[in-house]
Amino acid sequence: QVQLVESGGGLVQAGGSLRLSCAASGRTFGYSMGWFRQAPGKERELVAAISWNGLSTYYADSVKGRFTISRDNAKNMVYLQMNSLKPEDTAVYYCNAGRAPTVQAMSGLFPWGQGTQVTVSS
């Protein structure tokens, strides 16, 4: 069973940057990977996803142009570079897998990790 460990969150001022990392301790061969976030009182939402070969990506409208997802299959790692952060980006961020980098297909195939907290102050 694949285990996911997210890291890299923290407290940052608006306009700042963070880079999140997701380590998968298992085989993620062939799966798309994505970053999700859940803010207090809100449902978890997909913010970015990337196909196995990295050629296809998805970004939520709210993060387009600011966030970049990438992956290193040799290391079983997925990253989320977050720039120009806004207070509304404050949430716990999780990574997980899906069949394709789309909202419908990114269902979260593996057990959810503990996530990493991102807090953006105004």
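Observations on the model:
- Among the numbered conditions (1) in contact with a Ser or Thr (Cβ under 6 Å, 6 or more places away or on another chain); (2) within 22 Å of ARG99 (Cβ to Cβ); (3) open to solvent by less than 50 Å² (accessible area, probe 1.4 Å), the only one that LEU80 does not meet is (1).
- For region 47-98, the set of residues classified as more than 14 Å from the chain's Cα centre (by Cα) and among the basic types (Lys, Arg) consists of LYS75, LYS86, listed by residue number.
- Close pairs (7 angstrom Cβ cut-off, 6 or more residues apart or separate chains): without any contact (Cβ under 8 Å) to a residue 40 or more places away in the chain and within 17 Å of PRO111 (Cα to Cα) in region 29-52, part of a loop (DSSP other than H, G, I, E, B) and of a type outside the set (S, T, N, Q) anywhere: GLU45/ALA60
- Selection from region 84-118 of residues that are part of a strand (DSSP E or B) and open to solvent by 50 Å² or more (accessible area, probe 1.4 Å): GLN117
- Boolean, SER70 is in a strand (DSSP E or B), modelled with pLDDT of 95 or more, of a type in the set (Ser, Thr, Tyr) and closer than 19 Å to TRP112 by Cβ: no
The values are calculated or read from the model by the stated rules, or taken from the named source; none is laboratory data. Not measured: the values here are computed from a predicted model. No Cβ is skipped: glycine too gets one built from the backbone with ideal geometry, and neighbour counts run over all protein chains shown. For the accessible areas, the whole protein counts, side chains as well, though only heavy atoms, and no ligand, DNA or RNA atoms are used. Shrake-Rupley method; radii C 1.70, N 1.55, O 1.52, S 1.80 Å.
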